[in-house]
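Everything below concerns the one structure shown next.
The numbers here are math on the coordinates, done by the rules we state, and not lab data. It should be emphasised that the depicted structure is a prediction, and the values quoted were computed from it without experimental measurement. Neighbour counts are summed over all protein chains in view; Cβ atoms, including those assigned to glycine, are modelled from backbone coordinates with ideal geometry.
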Amino acid sequence: MDYSHITLLGWLCGILSALLIGMGKTGLSGAGTLAIPLMAILFGGKPSTGIILPMLCMADIFGVIYYHRHAEWKHIVKLLPWALAGVFIALLIGTYISDGTFKTIIGVTILASVALMFWQDFRKEKFEMPTKRWFSPLFGVSGGFATMIGNAAGPIMAIYLQSMRLPKNVFIATGAWYFLIINFTKVPLQIFFWNNITWQSFTFNLILLPAIAIGAYMGVKLVKMLPEKAYRIFILVSTGISALFLL
């Protein structure tokens, strides 16, 4: 990555994305989703996933440090094999498509995620976990695909965990550990197969690390102060508009 080609707007969007990713991992759910279309518009579809992934890994560490004690590992272990299958399906597809198609898939994935988050927020009844055997494989594979192709599995995982009726801290901690494992698994795949994580892009990530840390701290504090409903509506609408630009 040649930093001389990054405009002031690009740096500002990078800093904003880092703040949002940090905030999203420590309480302000959905905030990090807005960073995905922003970075894709700036850097291209596949390159942007390689820029965002290390930022997510850094933010995952903050989330696990803050919430780690409450995780329920049985839910993580049940989903992981199916999620990894979805990751490898997306890896194969992403290897053979153009960047324009890649951005389109990211845009569709993000819009589907936004729709899921709206449905999750405004449905009148809680989503109950079906007893069917296909439930975990469906959510696992679709979540693995979404996280590999566009780092956008948050809503899928949120609905799955909510169906388990987990307490708030258990819900956050289980999701934090799940994404820590999945995101760190994706790193070597994107380095060696997609070649979109380099020392230059990782240096860019390190420059943004303080913004991620600040965002993580802000997430912990702001979740206690802001009206969650109004904030999430703003994030969802902004994310949806950004995703439309990818299409």
Exercise. Taking each full run of DSSP H in the chain as one helix, which ones are at least 30 Å long along their axis (Cα atoms) and have mean Kyte-Doolittle hydropathy of at least -1.0?
Worked result: 45-67, 73-95, 99-122, 168-192, 199-222
Problem set entry | Length gained when the stretch residue 9-residue 164 is fully extended (0.36 nm per residue, less Cα-Cα span) | 51.6 nm
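Add -39500 (n - 2.57) for each DSSP H run of 4 or more in the chain, then divide by its residues: what number comes out at 222 nm, to the nearest 500 deg cm²/dmol?
Values: 10 runs with 191 residues, N = 247.
My calculation for the chain gives -26500 deg cm²/dmol from helical runs alone.
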Exercise. Using the Kirkwood formula over every pair of different C-alpha atoms, what hydrodynamic radius in Å results for region 145-235?
Worked result: 15.6 Å
For this session: Starting with the fewest neighbours, write out 58, 39, 23, 164 ranked by other beta-carbon atoms found within 10 Å of each beta-carbon.
Result: 164, 58, 39, 23
